[in-house]
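Notes follow the structure.
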Amino acid sequence: DYTPPCEQIQWHRSILDESHNIKGETAQSRACLALHAQRKWCVTGTPLNTGIEDLQRQLAFIGVAPLGDSPATFKTQLGDAYTTCSKMRYGGDSFPIELLALLRRVALRHAKAQRVVRGGDGDGGAGRALLELPPKTERTLEVSFDAEERAAYARLEALARAKAGAIFRQGAAVAQKE
């Protein structure tokens with residue numbers, strides 16, 4: 001009976017970066033959920049990337065029971081919050097209090113503009129930026145394609161446009177039903 005090496009180790013800490021990517025029953029999400037660690041962290045800038053369902057797997061990873069136990073339990077426990085968030089994708093404007101209460105207990109959020117309230121060790125750090133990022137740099141690089149590369153790019157562009165159009169039409173159809 002084979003067990004992958006990473007699942008055989010009892011890790012001190014397991015940090016899942018871009019944790020919003022462990023959604024659904026994928027091999028990647030199953031592998032992440034199978035890790036054993038004393039402490040588990042999820043790091044993401046978008047915990048609700050495509051919908052509230054994204055949060056269930058992240059709660060499962062960090063061990064929040066019963067919400068992390070199964071998608072059905074998650075949906076049942078959050079009830080109206082689940083429905084409200086689903087509607088918010090299509091123009092709703094109220095955020096459910098049950099979900100806010102949950103997120104306040106399991107999430108730590110920082111904004112780029114956040115400031116230090118008190119300086120530590122008398123260093124007078126109060127008021128300085130919590131996170132100092134270098135200035136944003138944008139560059140445009142011109143790329144020349146040969147005929148084969150241009151054809152491959154055109155095929156991919158056409159596929160992407162078709163998929164984006166289908167998603168847009170699907171969203172418009174759902175919005176019209178409500």
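The values are calculated or read from the model by the stated rules, or taken from the named source; none is laboratory data. Remember, it's a predicted structure, so these values are computed and weren't measured experimentally. Cβ sites come from the backbone with ideal geometry, for glycine too, and all protein chains shown count toward neighbours. Each accessible area value is taken on the protein alone, full model and side chains, heavy atoms only, with ligands, DNA and RNA left out. Shrake-Rupley method; radii C 1.70, N 1.55, O 1.52, S 1.80 Å.
Annotation: amide H of Lys40 within the under-5 Å range of Ser14, sequence separation 5 or more or interchain, hydrogens built in the peptide plane.
The accessible area of Lys163, taken with all protein chains in place and a 1.4 Å probe, comes to roughly 130 Å².
Among Arg128, Arg161, Arg105, the order of accessible area from largest down is Arg105, Arg161, Arg128, computed with a 1.4 Å probe on protein heavy atoms. Put a dot 7 Å past the Cα of Val143, heading toward its Cβ, do the same for Arg155, and the two dots end up 1.6 nm apart.
Figure the gain on full extension for Gln38 and Ala164 (residue separation times 0.36 nm, minus the Cα-Cα span) and round it to one decimal in nm. Please list the in-between numbers first.
Working: separation 126, 0.36 × 126 = 45.36 nm, distance 4.14 nm.
That pair, Gln38 and Ala164, stretches by 41.2 nm at full extension.
Multiplying the residue separation of Ser70 and Arg128 by 0.36 nm and subtracting their alpha-carbon distance yields 16.6 nm.
Peptide packing: for 129-135, 58-64, the average count of neighbouring Cβ atoms within 10 Å per residue gives the ranking 58-64, 129-135, highest mean first. Cβ-Cβ distance of Arg13 and Asn49, R₀ of 25 Å, FRET efficiency by 1/(1 + (r/R0)^6): the value works out to about 0.60.
The 1.4 Å probe gives accessible areas that order Glu25, Glu149, largest first, as Glu25, Glu149. Dipole orientation for the stretch 14-56: of the candidates Leu35, Leu48, Ile22, Leu35 has the Cα lying most toward the positive pole (charges on Cβ; Lys, Arg +1; Asp, Glu -1).
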